[in-house]
Amino acid sequence: MSTASMAKGTTLPAPLPWSGLLALSTAAFTAVMTELLPAGLLPEMAPALGVSEARVGFLVTAYAVASFAAAIPLTALLRGLPRRPVLAGALLGFAVSNAVVALSSSYALTFGARLVAGCMGGLLWAMLVGYAARMVPAERRGRAIAVVLAGITLALSLGVPAGTALAGALGWRTAFGVLAGLAVLLVGWVCRRVPGFPGEPAHTRVPLVRVAVLPGLPAVLSVTLFLLLGHQVMYTYVAPFAAHTGFGRTDVVLLVFGVATVAGIWVTGLLVDRCLRAVLLGALALCAAVMLVLGRYAGTPVVLLGSVALWGAAFGGAPTLIQTALVDASGPAHADVATSLQTTVYNAGIAAGSLTGGLALERLGPAALPWTALPLITAALAVVALARRHAFPAVRGRA
């Protein structure tokens, strides 16, 4: 600090509690890995469980359905309890469910373990952002939340491809075993480095119904649903689609997608506050165009990988854009409640998208996947184009 600064009485901001925030970020990483890892392992898991690849894809559906169904009731049931034991309990649930998947040869048992993991995921996502915000002063909350949510990007860009590669080298059971071990280690990290906070008093809770009807919010939630429906149709079954095109390296496809999401998030961060509507329209239009190209020309490896890269870049930035629009529509006072609604819709989209993709795969084959995704993503684009007043205005208001 300079002498002039000291004379004026200014002080440097307090450092972030990096160890605790990185523990929460690793929890986000573990949740995303647990949810999406089966999407890259369909060909390996199907014979071991004695079911079709589409049925293995339904393990993603099971997680998302459970997360969707359990997030609000579990959060409401446990809101009064101290936060750190609830967080540790959710992580132990991940450890147990992933260990069961690693050891099970029964599809029914594996399906049940995925339901447990989904319940833990719904509870975890309801806690992470609020937990990060309580760990730092008000002026540092944005950066703290960004650190925690970086675990999602890391899981998508590196974790899922690395897990798929590990499964290829050592077997898919090893990949789930590693995830179970990570969750156990993470419980110890959380107990040592993440501060404990009391539960939430009943009189401070904002009713969900009041927020759900705010102008613009239904449109933002609709875009979330349609985009996740279309995206998950393709992403869950990217392995059989890649095999159908003659390019059997699912790990490479997922790596290209994941790295591209990082670029998409970076570009979106530069543009979101200046031209949210235009960037979101462009991202959704690009996603739709990619589905069209994949449906017609994916047989060429260069076209396949190039299209996947554009898809990853467009989808990587879209959640940030939609989340920003959500907060604009709800206002800062209702942002947490609005985000909980979006989390539920997000998981509903994942569940319905993976189910829709599985049905298309079983009945029409992998070539039908991009054509199934295309109208859903187009619907999201249409909602943004039409919702100009409250949800996605050309000029954003500042609440």
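Every number in this text was worked out from the coordinates using simple rules, so none of it is lab data. This one's a predicted model, so the numbers in the text were calculated from it and none came from an experiment. As a convention, Cβ positions derive from the backbone with ideal geometry for all residues, glycine included, and neighbour counts pool all protein chains shown.
Just a few scattered comments:
- Counted residue by residue at 0.36 nm each, then reduced by the alpha carbon distance between them, the extension gain from Val213 to Ala382 reaches 58.8 nm.
- Residue exposure proxy: Tyr297, Tyr235, ordered by other Cβ atoms within 10 angstrom of their Cβ from fewest to most, comes out as Tyr297, Tyr235.
- Counted by neighbouring Cβ atoms within 10 Å, the residues Tyr107, Tyr131 run from fewest to most as Tyr107, Tyr131.
- At least 30 Å along the helix axis (C-alpha) and Kyte average at least -1.0, DSSP helices within the chain: 53-78, 83-103, 107-134, 172-193, 250-297, 301-330, 335-364
- Three principal axis extents describe the C-alpha atoms of the stretch 87-137; from largest down they are 48, 14, 11 Å.
- Whole-number D in µm² s⁻¹ for the stretch 147-269, Kirkwood Cα-pair radius fed into Stokes-Einstein, 10 °C, 1.306 mPa s: 87
- Working from Cα pairs under 8 Å separated by at least six residues, relative contact order for the chain is 25 percent.
- Using distinct alpha-carbon pairs, which all enter the 1/r mean, Kirkwood radius of the stretch 208-399 in Å: 16.8
- Along its three principal directions, the equivalent ellipsoid of the stretch 17-199 from the Cα gyration tensor extends over semi-axes of 29, 17, 13 Å, largest first.
- Hull volume in cubic angstrom per residue (convex hull over the Cα atoms of the stretch 5-113): 154
- Inverse of mean 1/r across different Cα pairs in the chain, Kirkwood, Å: 21.6
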